[in-house]
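Please read the structure below before turning to the comments.
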């Protein structure tokens, strides 16, 4: 444990910062688009259009995090379900899995707390309500199935694209799915796919009743995607736990990509 913490603490902080930034921007954009006193909310009456704009904003945010220097180094999981799935696939060590998840929860809570301090009632009051993810009018059963399905879809796309050119395009596909899911799926479950993301909003909002959905459906959906991928493609095709390995940042995972040979200048030195 101490060895992992001593050597990999930068990646843990990067994961915390990644979800923290995601939640800050989710809070800011959510307030701009949904707070009744916002000029943007007053100008855009159509909820589908507002969700589309929110989806684009958060999809671009996810892409930015994945391709950022920090995202390139930590792997940009920013989601316990993603980390657990790569652990199941043998790509992440046990203590790294533990500290990644702790960091993701801490970062999400910190991000929401900062937005609450800055925007106060506009963010914390209804209808924004800490951008909490809650089941839609069709109920908890539909919300569970919806979270399971979108989590399965995201992880399937990640596993397929992540092994093509070192995951160069994985972030783009993931961001596109985030945007699409927020636009089309959010009315059913709020669109989470992420236990830490949901907990970060639920903690200050004190919304505990349906928390079990977001702690069970996303990891189950992603683990099911992993099992399907293993049976159809095989474990040898799971190369790395990074969502983008097309960079020179260090990799702390059980990585299947060969390290690039040192440059002649380094060798001669």
| note | Expressed in nanometres to one decimal, the distance between label points 7 Å along Cα→Cβ at residue 211 and residue 227 is 2.7 nm
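What's the FRET efficiency of residue 145 with residue 248 using the Cβ-Cβ distance as r and R₀ = 35 Å, to the nearest 0.05?
Values: r = 42 Å, r/R0 = 1.19.
The calculated FRET efficiency here is 0.25.
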| Kirkwood-based shape ratio for the chain, expressed as Rg/Rh from alpha carbons | 0.99
| message | For Cα pairs less than 8 Å apart in space and 6+ apart in sequence, what is the mean separation divided by the residue count of segment 2-258, i.e. the relative contact order in percent? | response | 30 percent
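Please arrange 60, 89 by how many other C-beta atoms lie within 10 Å of their C-beta, fewest to most. Intermediate results must be reported in sequence, preceding the final value.
Working: 60 14, 89 19.
Sorted ascending by nearby Cβ count, the order is 60, 89.
Using the 10 angstrom Cβ neighbour count as an exposure proxy, how do 38, 68 rank, fewest first?
Working: 38 15, 68 18.
Going from least to most buried by this count: 38, 68.
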| Label residue 165 and residue 121 with points 7 Å out from Cα along Cα→Cβ: what is the distance between them in nm? | 5.2 nm
| message | Can you tell me the convex hull volume per residue for segment 211-256, based on C-alpha atoms, in Å³ to the nearest whole number? | response | 97 Å³
| field | Cut-off 15 Å (backbone N to label point 7 Å along Cα→Cβ of residue 56), residues of segment 182-199 | value | 182-184
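Every read-out reported here was derived from the displayed coordinates using simple, explicitly stated rules and does not represent laboratory data. Given the structure is predicted, the values throughout are model-derived calculations rather than measurements. Positions of Cβ are generated from backbone atoms using ideal geometry, with glycine treated the same way; all protein chains shown enter the neighbour counts.
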